């Protein structure tokens, strides 16, 4: 019963984070056009429209928010485990979850644009590391809550 409630709660929070990411995403609309127009990284006659780039960076932003949430969730689970059993392994897992949070935070395009840096034509390859991180974090969350 408790695991079912946890799963429902987890799904609700993940969908809420996706919604927040979709709401926050329009702030990238100006960044997407400037990324496409600066001409960097457009070798071999590759042409991309600004909207194309905007979609990839929007997906990366949403995935980054989901990864941050999953990393914080894992940190809480591993910290709780460490408090109960005082295992060095669970403490190291908590530290790894903080590192994964740092990765998700620093790979967020909103942070990049806030600091004055923009993408330069990576297309779907800009978001692929976030997809793989998200899959890995989902597997860790599933195993940790099992």
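The values are calculated or read from the model by the stated rules, or taken from the named source; none is laboratory data. None of these values were measured; they are calculated from a predicted model. So basically every Cβ, Gly included, is an ideal-geometry build from the backbone, and we count neighbours across all protein chains shown.
Yes/no matrix, rows are residues, columns are (1) at pLDDT 90 or above; (2) over 15 Å from residue 145 (Cα atoms):
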{"position": "73", "(1), (2)": "yes, no"}
{"position": "77", "(1), (2)": "yes, no"}
{"position": "89", "(1), (2)": "yes, yes"}
{"position": "94", "(1), (2)": "yes, no"}
{"position": "98", "(1), (2)": "yes, yes"}
{"position": "102", "(1), (2)": "yes, yes"}
{"position": "105", "(1), (2)": "yes, yes"}
{"position": "113", "(1), (2)": "no, yes"}
Condition met for residue 84 (in a helix (DSSP H, G or I), over 22 Å from residue 139 (Cβ atoms) and modelled with pLDDT of 90 or more) | yes
Apart from one, (1) surrounded by 13 or more Cβ atoms within 10 Å (Cβ to Cβ); (2) under 12 Å from the mean Cα position of the chain (by Cα); (3) within 13 Å of residue 66 (Cα to Cα) all hold for residue 141; the odd one out is (2)
When you go through 46, 53 one by one, which is the residue that is at pLDDT below 80 and assigned to a loop (DSSP other than H, G, I, E, B)?
-> 46
For the stretch 77-90, enumerate the residues that are loosely packed, with under 15 Cβ neighbours inside 10 Å and on the phi < 0 side of the Ramachandran plot.
-> 80, 83, 84, 85, 87, 88, 89
Does residue 65 meet the test of being surrounded by 19 or more Cβ atoms within 10 Å (Cβ to Cβ), in a helix (DSSP H, G or I) and without any contact (Cβ under 8 Å) to a residue 60 or more places away in the chain?
-> yes
Every listed condition ((1) surrounded by fewer than 21 Cβ atoms within 10 Å (Cβ to Cβ); (2) modelled with pLDDT under 90; (3) over 22 Å from the mean Cα position of the chain (by Cα)) holds for residue 36 save (1)
Any chance you could count how many residues in the stretch 124-146 are part of a helix (DSSP H, G or I) and in contact (Cβ under 8 Å) with a residue 60 or more places away in the chain?
-> 12
Kindly establish whether residue 117 is part of a loop (DSSP other than H, G, I, E, B), at pLDDT below 85, more than 17 Å from residue 73 (Cα to Cα) and out of contact with any helix residue (DSSP H, G or I) (no Cβ under 8 Å at 6 or more places or on another chain).
-> yes
